[in-house]
Amino acid sequence: DPYALDPKRHPMLHTNSLKPFNAEPPPEILTDSYITPSAFFFKRNHLPVPQVDPASYQLVVEGLPGGVLKLSLEELKTKFPKHTVTATLQCAGNRRSEMNKVKQVKGLNWGLAAIGNATWSGAKLRDVLLAAGYGSDVAQWARHVQFEGLDKDVMGTAYGASIPVNKAVSEEGDVLLAYEMNGEELPADHGFPVRVVVPGTVGARNVKWLRKIIVSTDESSSHWQQNDYKGFSPGIDWDTVDYRSAPAIQELPIQSAITTPSDGAVVYRSAKEVTVKGYAWSGGGREVVRVDVSLDGGKTWQVAQLRGNEKGQGPEFSPPPGRAWAWKLWEVSAPLPPEVQELEIVCKAVDNSYNMQPDTISPIWNLRGVLSNAWHRVKVNIRE
Ligand code: MTE
Ligand code: MO
């Protein structure tokens, strides 16, 4: 069993698949703290977790005129300044189960918790590429930076992905070769000893158990870059899909969801009030500037209170423009409307480019069930 050495996991996680391990926390845990504890952070593995000896670990950087650069873990930690970034990571398949209800899609049936927010620390990818010989001459031809993991399938093929070179080398891109998560060494499930953290970019490009970095004219040739993690029209089915016709997902669209109350929950009239909580985030460093909440299916709306970041700054805190990598948690308390037996609670977020979520799923339905970001709706029963 290639999964026999996989690490232990928290029993409260909802498991979507055991081998490989894919699991998400109960949604309400996400809004208990701004930083998602690593034990509760969703885990998305395509393959067995590789066993890595930190003493003999080597990170390989290829494709630059200076030749191949090899770095030990110690060198990565000591030769480059350590940076810390708070960034939200979301799987392209987050909220796929809602899309699945409209019409069947192919993929793990994620709920709304395939997302988490952590502080990541490590060397900047930019610094490592510069040390390896990246310069203006390379910028003339280089277009992509490819990553390869140490995790392999039965054929020996490693997990791989790539990002545009501009994102990789930009001073404002904040791409990390992270060796810490939430102030501790990376847990095995999250990529020990080194993973790429690409803030604002879909989970799939945040390659874990990083073995190799390749500066290239081309995107990664891996299955996950070429034939997966792409969006299609609702009219495309498995007979007509052409994966070459769509770009690989990189920056994710605006997203929000209600973590509590849960769908089907009961509130008592005697409580007089209902409190609604959730998360909101947008890709590409775009900042969430507003979350609207409705208790009547979208007829009337109120503006939720946004919770700022972990340093105690309130909602008035703003990250540098274009570098809003972390989510906003939000909350609304409202009196229970009289004479109704049921609430249909809805949320929708707005980012600083005024991107908004679509109101329904059908127009964004796609055969792989990715990019599921319609208004989130939960029904709640009121009991006397
Ligand atoms: N990196 C490797 N090497 N192998 C993987 O299976 N899964 C990717 C990405 N990086 C994956 C990987 C996907 S699809 C996602 S959503 C994120 O890791 C999940 O990161 P997490 O498990 O730390 O939450
Ligand atoms: Mo993912």
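The numbers here are math on the coordinates, done by the rules we state, and not lab data. Because the structure is a prediction, the values reported are computed rather than measured. Cβ placement follows ideal geometry from the backbone for every residue including glycine, while neighbour counts extend to all protein chains displayed.
Structure data summary
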| item | result |
| --- | --- |
| Sparse-neighbour loop sites [GluC sites (Glu not before Pro); region 271-370; at most 11 other C-beta within 10 Å; DSSP] | Glu316, Glu339 |
| Cross-link reach list, lysines versus Lys103, counting only Cα pairs under 23 Å and skipping chain neighbours closer than eight places | Lys230, Lys348, Lys379 |
| Pairs of Cα atoms farther than 12 Å apart, region 60-101, % | 76 |
| Which of Lys328, Lys272 has the fewest Cβ neighbours within 10 Å, and the rest in rising order | Lys272, Lys328 |
| Candidate aspartates and glutamates for bridging to Lys8, where Cα separation is under 12 Å - those fewer than 8 sequence places away on the same chain excluded | Asp189 |
| Against the rule of thumb 2.2 N^0.38 Å, how large the Cα Rg of region 122-166 comes out | 1.42 |
| Sparse-neighbour loop sites [trypsin sites (Lys or Arg not before Pro); region 84-141; at most 14 other C-beta within 10 Å; DSSP] | Lys103, Lys106 |
| Debye intensity ratio I(q)/I(0), log10, region 32-127, q values 0.16 Å⁻¹ (C-alpha model) | -0.94 |
| Gyration tensor verdict on region 121-202 (Cα atoms; rounded if a/c is under 1.5, prolate if a/b is larger than b/c, oblate otherwise) | oblate |
| Cα-projected label distance for Asn109 with Asp263, points at 7 Å along beta-carbon direction, nm | 1.1 |
| Taking Met12, Met155 and counting other C-beta atoms within 10 Å, the order from fewest to most | Met155, Met12 |
| Likely footprinting exposure, Leu177, Leu69, Leu18, fewest C-beta neighbours within 10 Å first | Leu18, Leu69, Leu177 |
| Estimated FRET transfer efficiency when R0 is 22 angstrom, pair Thr240-Thr360 (beta carbons, to 0.05) | 0.45 |
| For q = 0.11, 0.13, 0.15 Å⁻¹, Debye-computed log10 I/I(0) when each Cα of the chain counts as one equal scatterer | -0.78, -1.08, -1.40 |
| Part-to-part distance (alpha-carbon centres) for region 208-232 and region 77-106, which is given in Å | 16 |
| Convex hull (Cα only) mean projected area of region 255-383, reported in nm² to one decimal | 8.9 |
| Out-of-range pairs (alpha-carbon distance over 19 Å; input Lys272/Lys328; Lys19/Lys152; Lys70/Lys124; Lys106/Lys212; Lys208/Lys277) | Lys272/Lys328; Lys106/Lys212; Lys208/Lys277 |
